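The values are calculated or read from the model by the stated rules, or taken from the named source; none is laboratory data. In this text the structure is predicted, and so the values were computed from the model without any measurement. All Cβ positions, even for glycine, are placed from backbone atoms using ideal geometry, and neighbour counts span all protein chains on display. In case anyone asks, the SASA skips ligands and DNA or RNA and just uses the protein heavy atoms, side chains included. Shrake-Rupley method; radii C 1.70, N 1.55, O 1.52, S 1.80 Å.
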Amino acid sequence: GARMAAGKLGAGGIGIDGVLQLEARLNSGCDTSDRLDSSSLQQEARALVPLATLHERRLASGTGNGDDERDGLLRQLLAWFKFEFFKWVSEPKCEQCGGSTRSIGSASPSADDLAGGAQRVELYTCKQCSASVRFPRYNDALRLLRTRRGRCGEWANAFTLFCRALDFSARYVYDVTDHVWTEVFSSSRNRWLHCDPCENKLDSPLIYSSGWKKKLSYVFAFGPGEAVDVINRYVLADAWPAVRKSRSQVSESYLQSRIAVLDTQRRALLPPPSLLLRDTRRAPDILELANPAATRDLEAGENNYCS
């Protein structure tokens, strides 16, 4: 496995722990993305989307953003998901009195928690009635369609599912510094668009590094038939030296070799029609991701934190 790969490719002086951590992150991203490809799961998600309403809103919003019909639908799906479907949870409310809670640690997951993909359960106590409140961090998308709440992990998981359910080519994006979001391919723009449901932001990739002043390191995107290092979409060229310094888990040469092998392995699993579409949509991405952007105007909202 990973230990053998490290021995063969070499980790450039980086220890085996870095290689194993990288493998765990890549495997987790692939697994999360792949679970969203279930046709029955997508059917359940599709049934929850008020498509007629979203199309009405798209038409009412006009074309000021330069969106075609599909990009306009995506923009409305994003807003609906944030403001009407999913709920952000910092500390869960007390289930007995509705009061606010404070964290007191963690609890062991129950069989039901594990069935919902929750390996971790946060434990809170109510400030008013002292009741205990459990907050399982579900990773199963079907469970999330029912609970409709969580933090960025749950949000990106469920939103990426909705995108695929509506036949968008969508990637699950994992920023190892503590955030996740979605990328969606725009046929009219012929490129992948950053799409963050937590922020209701479409095509604002610099919101993290230039807006929040986040110190990014590794950012990976996972989709059907692919695994991609997309860090260059999210940073400018003048920030690259600091980014490169923070990418110290493994050597850059090892990382690129490992990503290339994983990407090739995933590509080989696609049927011919999907393979052609994947390669066609990958071509402009290769050019964009070759280097960080030398300059890029800040999109509206990228220079501040928008909740």
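Observations on the model:
- A simple count of charges around residue 117, restricted to other residues whose Cβ falls under 12 Å of its Cβ and scoring Lys, Arg +1 and Asp, Glu -1, yields -1.
- Backbone HN-Hα couplings from phi across region 90-98 [Karplus 6.51/-1.76/1.60, Hz, Gly and Pro as x]: 8, 10, x, 6, 5, 7, 9, 10, x
- Region 70-175 - percent of accessible surface contributed by carbon and sulfur, probe 1.4 Å: 45
- Shape index of region 206-259: Rg/Rh, with Rg the Cα radius of gyration and Rh the Kirkwood radius from the inverse mean 1/r over Cα pairs, equals 0.98.
- Hz values of 3J(HN,Hα) by residue in region 112-124 - Karplus curve (6.51, -1.76, 1.60), Gly and Pro given as x: 5, 4, 5, 5, x, x, 8, 7, 10, 10, 7, 10, 10
- Largest GNM mean-square fluctuation among 251, 217, 186, using the chain with Cα springs under 10 Å: 251.
- Global size of region 101-192 as Cα Rg and Dmax, reported in angstrom: 16.4, 55
- Rounded to whole Å, sorted largest first: equivalent-ellipsoid semi-axes of region 121-251, Cα gyration tensor: 29, 21, 13
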